[in-house]
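Student: One structure coming up, written as structure tokens, with questions to follow.
The values are calculated or read from the model by the stated rules, or taken from the named source; none is laboratory data. These figures come from a predicted structure and were not determined experimentally. Using ideal geometry, Cβ is built from the backbone for each residue, glycine included, and neighbour counts are taken over all protein chains shown.
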Amino acid sequence: MTDLASKECVPCKGGVPPMTPEEIEPIHHALGHSWSVVNAHHLHKEFTFPDFATALAFTNRVGEIAEREGHHPDIHLSWGRVGIEIWTHKVNGLTESDFILAAKIDKAL
């Protein structure tokens, strides 16, 4: 499978089904399993940092990636921690773009 981080997120126009668990498994494997797949619905990952400023800087990098890709995760910032959840809201589940965004976020570390 092509390196996920080198792909671009494709805007979802809706009307397509979310990925099935069988479709999720190989792309989750390609991502490296550092992200949790929760109920075959969304991706989740916790990042830890030595302080608030570093966590905030990472959050800002994630925001820049999200804007560039046109795909926006839920971001939870606290002291030394950033939690990220990703799913495609228009299909209420996962698409390939969610995994692409996750891979790009991993590269932002």
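Student: Condition first: on the phi > 0 side of the Ramachandran plot and modelled with pLDDT of 95 or more. Now tell me which residues in the range 52-83 satisfy that. Lay out the reasoning, then the answer.
Tutor: So the first thing to find is which residues in the range 52-83 are on the phi > 0 side of the Ramachandran plot, and the list is 70, 80.
Answer for the range 52-83, where residues must be on the phi > 0 side of the Ramachandran plot and modelled with pLDDT of 95 or more: just Gly80.
Student: Out of everything in the range 66-102 that is within 23 Å of Cys12 (Cα to Cα), surrounded by fewer than 19 Cβ atoms within 10 Å (Cβ to Cβ) and among the hydrophobic types (A, V, I, L, M, F, W, C), what residue ends up being farthest from the chain's Cα centre (by Cα)?
Tutor: Among them, the one singled out is Val91.
Student: Report every pair of residues separated by at least 6 positions or lying on different chains whose Cβ atoms are under 8 Å apart, first residue within the range 8-19 and under 13 Å from His71 (Cβ atoms), second not in a loop (DSSP other than H, G, I, E, B) and not polar (S, T, N, Q).
Tutor: Short answer, once both residue conditions are applied: Glu8/Glu69; Glu8/Ile100; Cys9/Glu69; Cys9/Ile100; Cys9/Leu101; Val10/Glu96.
Student: Taking the condition of being touching a Cys at 6+ places or on another chain (Cβ under 9 Å) and not hydroxyl-bearing (Ser, Thr, Tyr), how many residues in the range 69-109 meet it?
Tutor: Here is the first cut: in the range 69-109, the residues touching a Cys at 6+ places or on another chain (Cβ under 9 Å) are 69-71, 88-91, 95-98, 100-101, 104.
Still in the list and also not hydroxyl-bearing (Ser, Thr, Tyr): 69-71, 89-91, 96, 98, 100-101, 104.
The qualifying residues number 11.
Student: Say we look at the range 9-31 and pick out the residues that are hydrophobic (A, V, I, L, M, F, W, C) and assigned to a helix (DSSP H, G or I); which of these is nearest to the chain's Cα centre (by Cα)? Give the derivation first.
Tutor: Filtering the range 9-31 for residues hydrophobic (A, V, I, L, M, F, W, C) gives 9-10, 12, 16, 19, 24, 27, 30-31.
So of that shortlist, the ones also assigned to a helix (DSSP H, G or I) come out as 24, 27, 30-31.
Working: Ile24: 13, Ile27: 12, Ala30: 13, Leu31: 10 Å.
Once the filter is applied, the top-ranked residue is Leu31.
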